[in-house]
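Here's the structure, in structure tokens; my notes come after.
The values are calculated or read from the model by the stated rules, or taken from the named source; none is laboratory data. These numbers were taken from a predicted model, which means no experiment stands behind them. Reconstructed Cβ throughout: ideal geometry from the backbone, glycine too, with neighbour counts over all protein chains shown. Heads up: the accessible areas ignore ligands, DNA and RNA and are worked out on the full protein's heavy atoms, side chains in. Shrake-Rupley method; radii C 1.70, N 1.55, O 1.52, S 1.80 Å.
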Amino acid sequence: MKTCRQLAMGLLALMICIALPSCSDDDENDNQTNELTLNWEIEASDDLLNVANIAYTLYEGQEEMPEPELIVSNGIGSKITGKAPCTLGAIFNLAPKEEPDTQKASYDLTLSVKVSLTNAKGQVVANSFSLDKKLSGVPADQIEKSLRSLQKLLDSAESIYIVDASGQVKTASPMPEPEKASDLQALQEALFITDESGKQQPLLGQALDAARPDVLSVRVNDLYDAKATFLRWMPDAKQVITTGDNLTWTLTDEKGNTLGNAYFTATDNAGGQVAKVTFDAAVQPQGITQLNFLLSSAWPLNSTLKHFMGEKKRAKAIRVDSYNYNTGHFPWPDGEVDCYCIKHASDDELAYYVGFNCTSSFFINDKEGIMEQVFSLLPSEQTAKAIQDIFNKPEEKGGRGWDYYRDFLLERTGCDIDKCSANVWINRWSIKDRLFEKNCHFCYEIDLDNGYQDYELTEHQLPWSAVWGEAWFMHVLVYKGDRLIEGWEIK
């Protein structure tokens, strides 16, 4: 009879043999063939297939991407096999149908995607994943916005597996990662602007005490406004640690190394101060040691109202020219648009004037310098976030709310900002190479109807019209007192 120790050793040997490939007689053959299979399956609700086209592209080491295949029914699955060294990839795409079936009161839009890479024995040899999302009771007029949300899930499902001659698997995304900039640079741009003489001047706030030029004060309506202002400074609000009403932002450089912290601290409203921001020495912007957020009631009385809700100004804007029998459009930076003030502003506050125009198509103009000029007319990331806050701040927090601004702009401009889900491009773009494509143009946009203090930037490859059929431009004029801070006013 075997002892307990002998039984235990036998079980351990069996477990090791199961876990280690060298224990199998077939492994030598596996090493010789190195056959790998990319498996995927996707399920979509009938409602989703009625309003959207879903396509997939599978490829195995081709120099050019093959044509996508359209998914026409639920429960679609497929696989593609390659022998190392090889490249196996899966890319998914979703677009609204030109004539969707939107006769129902509401729709249940569900999507599930599973992807895995297996060897000849069916064992998973790389990270596998399963992604799913369910949007229930979506009204017909909210379908396009919901489809954007589902497309983001498909963006996450995109995967490329690069396998070397030894069978070692590396994964790479066909969409490049967003470029990382230094957070200190983002902080500087949020708080300062370079004037005509080349000096850095406070963009936000001012020094109320001449003896303390290192302390700036900012006018706000309440603690919510103060917190929203602080969150707008950072490229990614996920970098913030929240403790009650207090926030800590850890600033990093281009490589992700920690530079120091900025601290948002709620105060007791003494003297009208609702919060303050302090900095570690390494990240003090232009020598500023503290920002105080003061209620309007505590602001000095010599402040005057300079800009009024609904006031109109004319701005230089993107104009879109037709070409190639109207199959597409070229952008040119010489149009004009009416912009309207969306909130009263005193001489110490930033005043925002907003105008919209859109086109049914938008294609890249590769003429040297044109894209730079086009994007220079679009709002900065900071400005887009500030306008998003104004549009979304609910009445219970002292705002007017999205519906008010939708009607306000529709009456004056004829543009419905619910159209295209109110996603607007910002002045940020780049040229990058993809795996099978060179010199791809990428732009960034922000969803204006994304909630108060909830900022989400999205990166897209141009031309955007290839997927959604419409480019949506927001143009702005930003003033501090009489000085134009951003945009191009036409007198």
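Do me a favour and compute the ellipsoid semi-axes for the stretch 338-424 from its Cα gyration tensor, root of five times each eigenvalue, largest one first, whole Å.
Numbers: eigenvalues 141, 56, 26 Å².
Sorted largest first and rounded, they come to 27, 17, 11 Å.
With θ set to phi - 60°, apply the Karplus curve 6.51 cos²θ - 1.76 cosθ + 1.60 along the stretch 106-113 and write out the HN-Hα couplings as whole Hz, x wherever there is a Gly or Pro.
Whole-Hz 3J(HN,Hα) from phi for the stretch 106-113: 8, 9, 9, 9, 10, 8, 9, 10.
Expected output is a single nm value to one decimal: the length gained when fully extending between V169 and Q239, i.e. 0.36 nm times separation in residues minus the C-alpha distance. What is it?
Values: separation 70, 0.36 × 70 = 25.20 nm, distance 3.10 nm.
Working it through step by step, the gained length comes to 22.1 nm.
Could you tell me what a quarter of the Cα convex hull surface of the stretch 32-107 works out to, in nm² with one decimal place?
Details: hull surface 23.2 nm².
Across all orientations, the stretch 32-107 yields a mean hull projection of 5.8 nm².
Quick one: divide the alpha-carbon radius of gyration of the stretch 239-347 by 2.2 N^0.38 Å and tell me what you get. Please list the in-between numbers first.
Numbers: Rg = 22.1 Å, N = 109, 2.2 N^0.38 = 13.1 Å.
So the stretch 239-347 has a normalised radius of gyration of 1.69.
Provide the descending list of Cα extents for the stretch 92-175 along its principal axes, expressed in whole angstroms.
Reported extents, whole Å, longest axis first: 55, 23, 16.
Sorting T252, T81 by accessible area (1.4 Å probe), largest first, what list results?
T81, T252
Round to the nearest 0.05 the FRET efficiency obtained for S296 and L410 when R0 = 22 Å and r is the Cβ-Cβ distance. Before the final figure, lay out each step's value.
Details: r = 29 Å, r/R0 = 1.33.
Working from the Cβ atoms, E equals 0.15.
Would you please give the FRET efficiency between S346 and D222, computed as 1/(1 + (r/R0)^6) with r the Cβ-Cβ distance and R0 = 22 Å, to the nearest 0.05? Working shown, then result.
On the way: r = 16 Å, r/R0 = 0.75.
Efficiency, rounded to the nearest 0.05: 0.85.
I need two numbers for the stretch 83-232: Rg to one decimal and Dmax as a whole number, Cα atoms only, in Å.
My reading of the Cα-based Rg and Dmax gives 25.1, 75 Å.
Estimate the FRET efficiency between Q373 and T289 by the formula 1/(1 + (r/R0)^6), using the beta-carbon distance for r and 35 Å for R0, to the nearest 0.05.
Efficiency at R0 = 35 Å is approximately 0.35.
Please list 222-230, 305-313, 51-59, 239-247 highest first by mean number of surrounding beta-carbon atoms within 10 Å per residue. Intermediate results must be reported in sequence, preceding the final value.
Numbers: 222-230: 21.4, 305-313: 14.7, 51-59: 18.7, 239-247: 12.4.
Packing proxy ranking, top to bottom: 222-230, 51-59, 305-313, 239-247.
So if each residue of separation counts as 0.36 nm, and I subtract the Cα-Cα distance between K255 and I80, what length gain in nm does that give? Walk me through the intermediate numbers first.
Numbers: separation 175, 0.36 × 175 = 63.00 nm, distance 3.62 nm.
My answer for the length gained is 59.4 nm.
Give me the distance between the Cα centres of the stretch 190-263 and the stretch 342-412, rounded to whole Å.
21 Å
Kirkwood Rh and Cα-based Rg: tell me the resulting Rg over Rh for the stretch 184-231, rounded to two decimals.
Numbers: Rg = 12.1 Å, Rh = 12.1 Å.
Rg divided by Rh gives 1.01.
Measure off 7 Å from each Cα along the Cα-to-Cβ vector at D214 and R483, then give the distance between these two points in nanometres to one decimal.
So the two model labels end up 2.3 nm from each other.
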